[in-house]
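Here's the structure, in structure tokens; my notes come after.
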Amino acid sequence: SLGGMRLNAPIRFVSGTPDGDGYRMVGADGGVFNFGDAQFYGSASAPGSQGWEALSATPDGGGYWLFAGTPGTSGVSVAAFGDGTALIAAGGDASSASLVGAATLFTSVAPVVTVNPVSVRVAPGATATFTAAASGFPTPGVQWQVSIDNGMTFSNIANANSTTFSFPTVQNYSGGQYRAVFTNGAGTATTTAATLAVGDAPVVTTEPTNQTVPNGGTATFTAAAAGTPDPTVLWQVSTDGGVTWFAAVNQSNDTLSFTATSGLTGNEYRALFTNPSGTATTRVVTLTVTGT
């Protein structure tokens with residue numbers, strides 16, 4: 001304690017250190033007296049007609065702030081010491097505080113992610129948008145990053161410093177992973193990565209037609225579809241009027257060819273075109289085999 005020291009003003013409050021091994025006593029005139037592991041960084045002059053009413057240490061213990069209120073107003077006077085000055089500047093105008101003793105308004109809080117970006121799928125040339133958010137004080141800055149090696153490494157994206165990141169896409173952007181890194185004086189928080197898929201769902205451009213061929217002849221069905229990336233094709237056959245479908249044999253890309261026999265007459269055929277954006281199915285066509 002202060003023992004027999006003569007004070008110029010009465011002690012207004014005591015502020016303990018986070019580990020409980022020290023404390024500071026603060027007089028109404030702004031005098032700061034430290035004990036235990038509490039470091040001394042300076043005392044304040046008297047704040048006019050009001051007295052100092054709160055002290056808050058910086059997160060790293062390298063400084064502190066003193067707070068005093070102005071009676072009858074919402075104004076707050078702040079005196080910064082040690083490394084507290086930079087954090088106040090980063091946090092905004094100290095006079096905007098509305099409560100006497102609102103020391104927590106100027107205590108840095110590390111960012112915590114509150115919104116992670118969500119994977120999106122867009123057509124080539126369309127705009128992709130990712131959104132993220134984080135809490136923290138001072139308000140953390142944001143830097144978007146992209147990975148083109150399946151998340152092995154991430155690189156900063158120039159001028160991508162808002163919580164919403166939008167950009168026009170091209171096909172080779174597909175598969176990129178995007179994340180946001182939030183940073184303030186107390187720490188850093190990184191979102192999960194979201195994946196961009198760029199592509200158009202398949203659209204059938206050529207429908208197959210019914211085929212009539214002689215027994216032992218070659219049946220050929222042809223179909224085509226557009227899409228980005230290029231869709232793969234799967235030909236299917238139904239022998240029960242379309243109730244069930246099976247993969248057909250002898251497929252060759254957009255063309256299905258095989259030797260027709262009388263036992264195949266009445267079979268139905270269709271093609272399924274698929275890419276990561278979706279699936280398109282052709283109309284159903286029928287094979288008729290003539291002769292024996």
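Near residue 63, the amide H atoms lying under 5 Å from its own belong to 58, 83; only residues 5 or more places off or on other chains count, and H is placed 1.01 Å from N. Between the amide H of residue 38 and those of 23, distances stay under 5 Å, these residues lying 5 or more places away or on another chain, with hydrogens modeled in the peptide plane. Residues whose amide H comes within less than 5 Å of that of residue 197, counting only those at least five positions distant or on another chain, are 120, 121, 122, 175 (H built at 1.01 Å from N in the peptide plane). Over all Cα atoms in the range 173-255, the spread is summed up by Rg and Dmax: 23.3, 82 Å. Computing Rg and the Kirkwood Rh from the Cα coordinates of the range 206-252 gives a ratio, Rg/Rh, of 1.00. Multiplying each eigenvalue of the alpha-carbon gyration tensor of the range 138-292 by 5 and taking the square root yields semi-axes of 53, 12, 11 Å, largest first, rounded to whole angstroms. Couplings 3J(HN,Hα) of the range 171-183, computed from phi: 4, 6, 7, 4, x, x, 10, 10, 8, 10, 10, 9, 9 Hz, in residue order, whole Hz [Karplus 6.51 cos²θ - 1.76 cosθ + 1.60, θ = phi - 60°; x for Gly and Pro].
FYI, it's all coordinate maths here, none of it is from the lab. A quick note: this is a predicted structure, and the numbers were derived from the prediction, not measured.
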